[in-house]
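Trainee: First the structure, then my questions, so here it is.
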Amino acid sequence: MSELVVSVRWWRSPHVAWVAEPDRAVLLNLESDTPQPEELGGTAAAIWGVLDATPLRIEQILERLADEYGVAADAIRGDVETFLDALQAKGFAESSSTG
């Protein structure tokens with residue numbers, strides 16, 4: 001019996017206006033009833049910088065960040081997934097699961 005592998009894909013919400021610098025990004029959810037700018041710095045800005053309008057598998061995101069910071073992808077998986085979930089809750093990112 002084969003094991004079903006679920007891959008989560010993430011992308012930037014098309015309803016977000018944003019500006020970025022090397023270590024900083026400011027996001028604004030244009031669909032929010034009360035839009036508030038969200039400032040990201042450091043690794044949060046780096047995670048945002050990896051996201052794209054085109055869906056990326058979580059493994060691709062982890063690989064890029066792991067390469068940039070010289071760490072193992074498994075070591076950062078939990079923190080990255082938690083942060084992506086927070087971005088999604090605020091309407092800045094979207095995801096889908098594929099099997």
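Trainee: Cα centroids of region 50-99 and region 26-47: how far apart, whole angstrom?
Mentor: Measuring centre to centre over Cα atoms gives 16 Å.
Trainee: Along each principal axis of its Cα atoms, how long is the chain end to end? Whole angstroms, biggest number first, please.
Mentor: Principal extents (largest minus smallest coordinate, Cα): 49, 30, 20 Å.
Trainee: Calculated from DSSP H runs of 4 or more alone, at -39500 (n - 2.57) each and per residue, what is the 222 nm mean residue ellipticity of the chain, nearest 500?
Mentor: Per the formula, -12000 deg cm²/dmol.
Trainee: Explain nothing, just compute: Karplus ³J(HN,Hα) = 6.51 cos²θ - 1.76 cosθ + 1.60, θ = phi - 60°, for every residue of region 24-40 in order, whole Hz, x for Gly and Pro.
Mentor: 7, 9, 10, 10, 9, 7, 6, 8, 6, 5, 10, x, 10, x, 10, 9, 10
Any read-out appearing in this document is the output of simple, stated calculations on the displayed coordinates, not a laboratory observation. Not measured: the values here are computed from a predicted model.
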